[in-house]
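K.L.:
Sharing a structure with you now.
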Amino acid sequence: MLTDNREIILMGAEKDQYGRSVVEVFAMTDTPGLEVGVNGEMILAGMAHYYERYKRSCPENAHRYDFLEQEAISNKGGVWANGDLGLAQAEVGVITLSIAKIETVRTNSH
């Protein structure tokens, strides 16, 4: 898994309608200073949906996330495996990323 035994960085300061934090999740790699964007990987795999209404929480990656979702739809990945039904499934489902240990938390300011 992308986050196993990795230092995790959370970026974002926005809350959704239920009071949950909307964040970008990055997992550090074995290469110093190099991180993997967990959000993008999950979107590309069809395991998460990009909500444009939260793009303020990820201004540097919003266009990338939109592109990755279009790729997942084209590739019929994850929830998109059933074509248009994927959107309904993504809207109903809630993706939860469980992180056992958080080493670093930083927020971006708006």
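Just so it is clear, none of the values below were taken in a lab; they were calculated from the coordinates. Remember, predicted model here, so these are calculated numbers, not experimental data. For neighbour counting, all protein chains shown are included, and Cβ atoms are generated from backbone atoms with ideal geometry for every residue, glycine included.
K.L.:
Could you list the chymotrypsin sites (Phe, Trp or Tyr not before Pro) in segment 1-61 that lie in coil according to DSSP, counting only those with at most 15 other Cβ atoms within 10 Å of their Cβ? Each step should come with its number before you reach the end.
P.N.:
On the way: sites: Tyr18, Phe26, Tyr50, Tyr51, Tyr54; in loops: Tyr18, Tyr50, Tyr51.
The qualifying sites are Tyr18, Tyr51.
K.L.:
Please work out whether segment 4-52 counts as rounded, prolate or oblate from its C-alpha gyration tensor, where a ≥ b ≥ c are the square roots of the eigenvalues and a/c under 1.5 means rounded, while otherwise a/b larger than b/c means prolate and anything else oblate? Each step should come with its number before you reach the end.
P.N.:
Values: a/c = 2.68, a/b = 1.55, b/c = 1.73.
Taking the square roots of the gyration eigenvalues as a ≥ b ≥ c, segment 4-52 is oblate.
K.L.:
Work through the residues other than Cys58 whose Cβ is under 11 Å from its Cβ and net out their charges, Lys, Arg +1 and Asp, Glu -1. The partial results should precede the final answer.
P.N.:
On the way: positive: Lys55, Arg56, Arg64; negative: Glu14, Glu24, Glu52, Glu60, Asp66.
My count for the surroundings of Cys58 gives -2.
K.L.:
Can you pull out the GluC sites (Glu not before Pro) in segment 1-72 that DSSP calls coil and that have at most 14 other Cβ atoms within 10 Å?
P.N.:
On the way: sites: Glu7, Glu14, Glu24, Glu35, Glu41, Glu52, Glu60, Glu69, Glu71; in loops: Glu7, Glu60.
Here the sparse-neighbourhood loop sites are Glu7, Glu60.
K.L.:
From the alpha carbon gyration tensor of segment 45-86, can you work out the equivalent ellipsoid semi-axes (sqrt of 5 times each eigenvalue) and give them in Å, largest to smallest? Don't jump to the answer; show the numbers that get you there.
P.N.:
Details: eigenvalues 84, 18, 10 Å².
Output for segment 45-86: semi-axes of 21, 10, 7 Å.
K.L.:
How many nm separate the modelled label positions at Lys76 and Lys15, each set 7 Å beyond the Cα in the direction of the Cβ?
P.N.:
4.2 nm
K.L.:
Please report the net charge: other residues with Cβ closer than 13 Å to the Cβ of Gly77, K and R +1, D and E -1.
P.N.:
After counting each charged neighbour, the total is -2.
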